[in-house]
Amino acid sequence: MQVDWQGPDAVLQLLSRSGWLRSIRWVPEVDSTNRLAKSLADQADRPTPMLIVAKSQTQGRGRLGRSWFSDSGTLTFSLMLAAPQLAVDRTRWPQLALVAGLAVCDVVGEVVEPVAVQLKWPNDVYLAGGKVAGVLIETAGRDNDHVVIGIGLNVATDLSKAPAEVQQRARSIRDYADHPVETFAVLPEIIDRIAMRIADWRTDSAAIANDFSKVCLLRGRRVAIDTAGQTLEGACLGIDGDGALRVRRDDGEVVEVRSGEVVRWSDEVEVHDG
Ligand code: BTN
């Protein structure tokens, strides 16, 4: 195990114990943990699975070219895996977005219990009507044979200092847990869950779809999705075994959406046969 860590000792001990990670790196400040991870993809002395954790991230990247706000209470990290660790066909790699989202959802759910935590397809973790975590999946390496799973989680983020739009849409665990939560304390559990969920997904992707359905924020709601330059509207029927979102349009046709952004959804669950 290759370790370069200046963070809390107890967190490192727990991370090391799992035996899954092969390198762990703490950076006091970085523009983006995903960018840093990608830059290390082809270096033989950087074994994977590799974890990069930032104490401070200055130019966090979000999906669809957006930026990601963080402060000292935000857990920002990237996990890089190489093709042999995934051992699944590359066409299935995009499903890792759901797998990672579920792992974060599991852990956040335990911390804020009994408050419900849900997933907004494909991988935004929602708490009390707002986003508490986001996942950015990127491929890396000369042969695109690495995948980087970047996660930003508002553990103790002070949202009052965030831009107005973020304040409105985001949530922070500290505002919902009935006990104080230290920014890095949840990291070992999240890594364990990701490792477990990847192992399950490798052998049975339908199980992931089942678990996703249980926490799917959109299932049964009317949704509007920006996809391939068009807006698709209809009733969300949940996801299929490949992780695509199933939407029944008003003309009755069921469409499977593989990539896109759900931009609106109804407050009420309206469809019960999905
Ligand atoms: C999203 O919801 O749009 C995805 C947000 C992902 C943010 C994380 S923070 C750690 C990692 N490094 C980045 O630059 N982005 C991801």
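The values are calculated or read from the model by the stated rules, or taken from the named source; none is laboratory data. This one's a predicted model, so the numbers in the text were calculated from it and none came from an experiment. Positions of Cβ are backbone-derived with ideal geometry, glycine not excepted, and every protein chain shown enters the neighbour counts. For the accessible areas, the whole protein counts, side chains as well, though only heavy atoms, and no ligand, DNA or RNA atoms are used. Shrake-Rupley method; radii C 1.70, N 1.55, O 1.52, S 1.80 Å.
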Q) What's the FRET efficiency of residue 177 with residue 45 using the Cβ-Cβ distance as r and R₀ = 45 Å, to the nearest 0.05? A) 0.70
Q: Mind checking the per residue accessible area of the chain for me, 1.4 Å probe, whole number of Å²?
A: 46
Q.
Can you list which of the DSSP-assigned H helices in the chain have a Cα extent of 20 Å or more along the long axis and an average Kyte-Doolittle score of at least 1.0?
A. 96-112
Q) Can you give me the Cα centroid spacing of segment 85-133 and segment 10-48 in angstrom? A) 21
Q: Compare 249, 35, 171 in a GNM of the chain, Cα atoms joined below 10 Å, and give the one with the largest fluctuation.
A: 249
Q. Any idea how far apart residue 204 and residue 254 come out in nm if each label point goes 7 Å out from Cα toward Cβ?
A. 2.2
Q) What whole-number value in cubic angstrom gives the convex hull volume per residue for the C-alpha atoms of segment 1-130? A) 136
Q: May I ask you to give the percent of accessible area on the chain that is carbon plus sulfur, with a probe radius of 1.4 Å?
A: 46
Q.
Quick check on the chain: what does the Kirkwood estimate of hydrodynamic radius come out to from the alpha carbon pairs, in Å?
A. 19.0
Q) GNM on the chain, C-alpha springs below 10 Å: top fluctuator among 87, 37, 133? A) 87
(Q) Tell me which GluC sites (Glu not before Pro) from segment 105-191 have a DSSP coil assignment and no more than 16 other beta carbons within 10 Å of their own. (A) 182
